[in-house]
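Working notes, beginning with the structure itself.
Every read-out reported here was derived from the displayed coordinates using simple, explicitly stated rules and does not represent laboratory data. Not measured: the values here are computed from a predicted model. Quick reminder, even Gly has a Cβ in these numbers, built from the backbone with ideal geometry, and neighbours come from all protein chains shown.
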Amino acid sequence: MESRTLKSLLVNPVGVAVSSGLLLVVLFAFSLIKRRFGSPDKRRPPGPLGWPIFGNMFELGELPHQTMYRWKNKYGPVMWLQLGSINTMVVQNATAAAELFKKHDVPFADRKVPDTLTAFDFNQGTLGMNTFGGHWRVLRRLCSMEFLVNKRMNETTDLRNRLERNMVAWIEDEHRTSKAQGGDGKVQLSRLLFLMAFNLVGNLMLSKDLLDNRNPESREFFESMNEILSLAGTPNISDFLPFLKKLDPLGMKRRMIAHMTRTFRISSRFVQERLDNRKAGKFNEKKDFLDVLLEYQGDGKDGPATFSEKHINDVIMEMFFAGSETTSISIEWGFAELLRHPHAFQKLREEIDRVVGVDRLVQESDMESLPYLQAVVKETFRLHPALPLLLPRNTMEDTKYLGYLIPKRTQVYVNAWAIGRDPAYWDDPLTFKPERFLNSSVEYKGQHFELIPFGSGRRICIGFPLAHRVVHLTLATLVQAFDWDLGAGVKPEDIDIDEKLGLTLRKKNPLKLIPKKRLRV
Ligand code: HEM
């Protein structure tokens with residue numbers, strides 16, 4: 001009889017709901033008791049206790065890097081979090097980061113991929129989101145030898161100078177249009193900076209200006225890209241409780257698929273066009289990255305023998321995602337800090353005027369002679385790393401780290417944002433003070449662990465040589481080319497530094513300014 005009751009309970013839908021509910025309550029209670037009364041696992045770093053089943057996932061808030069930074073006072077530089085069922089370690093000072101990147105780089109070199117980026121198996125074609133294996137190795141080699149390499153950067157200085165001139169023209173154009181429509185003449189810099197950075201990456205890969213300020217398709221692409229980056233960075237319950245992935249309860253993957261479809265439609269056209277040209281015997285005089293990918297032939301032993309069209313599209317999209325917004329928001333942050341600190345702005349302007357003047361636009365070849373500009377860029381990266389937690393790593397095997405046992409498949413965050421604010425390394429760490437770098441040898445190439453906006457180790461940002469040049473050049477251009485009016489009644493101290501996290505850390509309230517050209521060309 002008892003077994004019949006149990007059976008009917010299990011086949012009847014109401015019964016199923018009741019029994020699963022009961023099971024959940026029992027699991028929850030069991031987990032609660034275990035957490036409150038069980039002794040913490042001494043093999044793991046310390047961390048906040050969290051809730052049963054959900055762990056700390058609801059405690060991180062909208063700006064997890066800031067919450068983690070605050071928790072550092074209590075739990076120290078290496079912290080353990082339970083995000084749903086995902087074991088997570090957070091590294092928050094330079095010493096612990098150095099230990100990770102110098103001694104344990106390989107076991108920590110895999111990536112944890114958000115569910116949204118598995119739409120269309122996107123991650124499997126990319127460099128940044130791929131597992132640490134053959135496909136990643138081949139792409140990394142091709143990128144560092146044929147695409148984002150200093151030699152190629154030196155050959156393309158004219159391209160960057162041209163795009164800076166375009167940007168200056170767009171700023172003037174946007175200002176004029178706003179005035180003509182009865183507006184206040186303000187320009188939202190972030191969009192124009194993004195278009196410039198996007199065209200730069202596009203030219204290096206596909207030898208083309210892809211987006212134009214006035215083109216509606218450009219706007220569509222910009223909007224979808226914004227959504228994709230925001231979805232990729234928004235906490236998603238399916239990442240913390242992987243059994244929910246199929247259900248996609250927040251609909252984030254569905255939205256990602258819709259936006260990826262729009263952006264892929266645009267980007268795949270470029271690839272198709274090139275394929276058609278090559279079929280018709282028309283080849284580029286100078287090979288670009290798309291040619292390199294199309295012509296690649298490996299032995300297929302470690303990595304792919306060739307790249308499929310789908311995989312090529314993935315890499316192209318990825319480079320736009322990885323390269324455009326990271327670069328443009330770093331510039332926006334740097335410029336916002338300069339506007340908030342008129343003394344620093346003036347000092348930089350005087351330096352540029354002294355070295356370059358106003359009769360020609362500042363160029364890449366001037367950068368070596370602008371030490372204050374270099375200090376401004378370092379200070380910007382210290383306070384505003386575009387990826388505050390870098391890109392999450394994933395441990396490939398059980399690893400002993402600083403006396404702890406970190407199990408396989410632990411998600412690892414390195415909080416570059418917190419490291420850049422560590423009072424043990426930085427005097428007056430919360431203040432924007434470029435002068436601190438004038439007599440300092442600290443660089444951000446992944447060797448000085450107190451400043452790691454581009455990460456470090458085998459998976460350090462591959463776009464460094466490009467980003468380094470563009471951020472310097474564009475900040476200098478903005479300071480040199482225009483006087484900037486903040487708007488009626490707005491004072492420098494009114495410009496906020498509120499943050500909004502997508503995949504990148506954006507300025508929550510984009511800069512909107514009135515430009516007045518001072519450059520005489
Ligand atoms: C200011 C601009 C940029 C910043 C702050 C930045 C930052 C980063 C960071 C923190 C990582 C993760 C490193 C790690 O895990 O240790 C990364 C990876 C990556 N970045 Fe950048 N990045 C920038 C620009 C670019 C550009 C311009 C490109 C390409 C055009 C690019 C392509 C990539 C790629 C493909 C990866 C993945 C590398 C891998 O997993 O092997 N980035 N970037």
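The table for this structure:
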item: Arg265-Gln124 FRET efficiency (beta carbon distance; Förster radius 35 Å; 0.05 resolution); result: 0.95
item: Cα centroid separation, the stretch 347-413 to the stretch 284-340 (Å); result: 19 Å
item: 29 Å Cα-Cα threshold exceeded, pairs from Lys151/Lys408; Lys72/Lys507; Lys245/Lys310; Lys72/Lys253; Lys400/Lys507; result: Lys151/Lys408; Lys72/Lys253; Lys400/Lys507
item: Modelled FRET efficiency - R0 45 Å, Val521 with Asp302, Cβ distances, 0.05 increments; result: 0.30
item: Degrees between helix 309-340 axis and first principal axis of the chain (Cα, 0 to 90, nearest 10); result: 70 degrees
item: Taking Cys143, Cys461 and counting other C-beta atoms within 10 Å, the order from fewest to most; result: Cys143, Cys461
item: J(HN,Hα) series, the stretch 302-308, from Karplus relation 6.51 cos²θ - 1.76 cosθ + 1.60, nearest Hz, glycine and proline x; result: 10, x, x, 6, 9, 9, 6
item: Positive dipole terminus of the chain, leading residue within Ala180, Met319, Gln480 (C-beta point charges); result: Met319
item: Dipole magnitude (debye, nearest 20) for the stretch 224-363, charges at Cβ of Lys, Arg, Asp, Glu; result: 500 debye
item: Degrees, to the nearest 10: 157-180 long Cα axis against longest axis of the chain; result: 90 degrees
item: Residues Thr177, Thr327, Thr431 arranged by fewest to most Cβ contacts within 10 Å; result: Thr431, Thr177, Thr327
item: Alpha carbon centroid spacing (whole Å) that separates the stretch 469-518 from the stretch 170-212; result: 14 Å
item: Cα lying deepest toward the dipole's positive end in the chain, options Pro371, Phe54, Gly502, charges on Cβ; result: Phe54
item: Lys445-Thr234 pseudo-label distance in nm [points 7 Å out on the Cα-to-Cβ vector]; result: 4.0 nm
item: Loop GluC sites (Glu not before Pro), the stretch 353-434, which have at most 15 other Cβ atoms in a 10 Å radius of their Cβ (DSSP); result: Glu397
item: Calculated [θ] (222 nm, deg cm²/dmol) that DSSP helices of n ≥ 4 give over the chain, each run adding -39,500 (n - 2.57); result: -16000 deg cm²/dmol
item: Cα long-axis angle, helix 189-206 against the chain (0 to 90 degrees, to the nearest 10); result: 90 degrees
item: About the Cα centre, charge dipole magnitude for the stretch 82-211 (Lys/Arg +1, Asp/Glu -1 at Cβ), debye; result: 240 debye
item: Fewest-first ranking of Met145, Met205, Met153, Met396, using other Cβ atoms within 10 Å as the exposure measure; result: Met145, Met396, Met153, Met205
item: Shape call, the chain: gyration tensor on alpha carbons, a/c limit 1.5; result: prolate
